[in-house]
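The block underneath contains the structure these notes are about, expressed in structure tokens.
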Amino acid sequence: MKRLFVLLISMCLMSNLSAQEFDRVFVFLNKNPNKAVLPQDSVDALMEMHFKNMGDLGTQGKLINAGPFEGGGGLFVMNSPSVDTVKQWLQTDPAVRANRWSIEVYPFTTTVGGSCVVGAVYEMGMYSFVRYAPSNEIANYKSNVNEAKEVSMKQLIASLNEKGDLIMAGYFGSNEGGVLVLKDDSSLEKIKSSAAANTGAITFEFKELWIAKGSFCEE
């Protein structure tokens with residue numbers, strides 16, 4: 001009976017995942033504490049090739065936008081719904097191949113705003129970037145906890161959007177959470193004190209993202 005119950009849960013999860021329609025892939029380039037120690041000229045050469053490759057991916061229509069996080073690491077938004085395809089694209093980057101970052105790749109569904117290509121001339125801006133994720137994977141198998149989590153997140157996103165504070169929002173596949181992009185940090189306390197944060201089923205990570213203005217299709 002227990003084995004049948006687990007099987008039913010697995011089938012349900014797979015069904016929900018297959019029903020999702022992804023429109024982008026998010027790539028997180030996290031700081032890698034275990035990266036090889038290289039001479040500075042080698043690091044500079046790798047970074048030069050990294051930025052050149054970003055330009056090539058953009059010209060090819062594969063990279064929509066990208067930007068660094070304050071304090072290290074960065075973000076790519078890729079023009080494909082396929083994780084496998086994006087992983088192949090990333091291998092054209094010598095710095096990625098050299099493991100200069102710890103890479104995370106997630107299929108993404110946009111629910112508010114979007115991801116837009118900016119022109120050759122642009123102005124950089126700083127945005128409040130919020131990543132949320134389930135805090136307890138076991139709890140996600142309990143339908144009542146999962147439902148409460150989804151309802152609280154929908155209420156929070158609707159509230160931020162109604163106030164005009166939210167620029168972009170969306171979620172990753174396979175119950176991996178999602179992201180919120182805000183105009184500034186004025187709404188951070190509202191998120192921290194929200195029902196979504198107080199359920200204990202969701203954790204929030206707050207960062208500052210430097211990216212070209214208009215990257216999230218905002219006016």
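The values are calculated or read from the model by the stated rules, or taken from the named source; none is laboratory data. All figures in this text were calculated on a predicted structure; none of them were measured in a lab. With ideal geometry, Cβ positions are generated from the backbone for all residues, glycine too; neighbour counts draw on all protein chains shown.
Kindly indicate whether any position in the range 60-75 is under 28 Å from residue 206 (Cβ atoms), of a type outside the set (A, V, I, L, M) and more than 21 Å from the chain's Cα centre (by Cα). Spell out how you get there, then give the answer.
Residues of the range 60-75 that are under 28 Å from residue 206 (Cβ atoms), as a first pass: 63-75.
After this cut, where a residue has to be of a type outside the set (A, V, I, L, M) as well, the list is 65, 67-74.
Next cut, more than 21 Å from the chain's Cα centre (by Cα) only: none.
Within the range 60-75 (the criterion being under 28 Å from residue 206 (Cβ atoms), of a type outside the set (A, V, I, L, M) and more than 21 Å from the chain's Cα centre (by Cα)), the answer is no, since none of the residues qualifies.
Residue count for the range 178-203 under the criterion of being within 20 Å of residue 108 (Cβ to Cβ), surrounded by fewer than 18 Cβ atoms within 10 Å (Cβ to Cβ) and in contact with a Leu (Cβ under 9 Å, 6 or more places away or on another chain): the result is 0.
Every residue in the range 166-201 that is among the charged types (D, E, K, R) and either touching a residue at least 24 places away in the same chain (Cβ under 8 Å) or on the phi > 0 side of the Ramachandran plot (or both), please.
Within the range 166-201, 176, 183, 184, 185, 190 qualify.
When you check residue 212 against the structure, is it hydrophobic (A, V, I, L, M, F, W, C), touching a strand residue (DSSP E or B) at 6+ places or on another chain (Cβ under 9 Å), closer than 26 Å to residue 55 by Cα and surrounded by fewer than 21 Cβ atoms within 10 Å (Cβ to Cβ), yes or no?
For residue 212, the condition - hydrophobic (A, V, I, L, M, F, W, C), touching a strand residue (DSSP E or B) at 6+ places or on another chain (Cβ under 9 Å), closer than 26 Å to residue 55 by Cα and surrounded by fewer than 21 Cβ atoms within 10 Å (Cβ to Cβ) - is met.
Report yes if some residue within the range 162-172 is assigned to a helix (DSSP H, G or I) and acidic (Asp, Glu); otherwise report no. For the range 162-172, residues assigned to a helix (DSSP H, G or I) and acidic (Asp, Glu): present.
Restricted to the range 41-54, and to residues that are surrounded by 14 or more Cβ atoms within 10 Å (Cβ to Cβ) and touching a helix residue (DSSP H, G or I) at 6+ places or on another chain (Cβ under 8 Å), which residue is farthest from residue 98 (Cα to Cα)? Among those residues, the one meeting the criterion is 53.
Looking only at residues of the range 1-40 that are at pLDDT 50 or above and among the β-branched types (Val, Ile, Thr), we find that the one that is farthest from residue 98 (Cα to Cα) is 25. Here residue 160 passes the criteria (1) buried (at least 20 other Cβ atoms within 10 Å of the Cβ); (2) in contact (Cβ under 8 Å) with a residue 40 or more places away in the chain; (3) within 22 Å of residue 134 (Cβ to Cβ) except the one numbered (2). Among the conditions (1) over 21 Å from residue 71 (Cβ atoms); (2) of a type outside the set (D, E, K, R); (3) modelled with pLDDT of 95 or more, residue 180 misses just one, which is (1).
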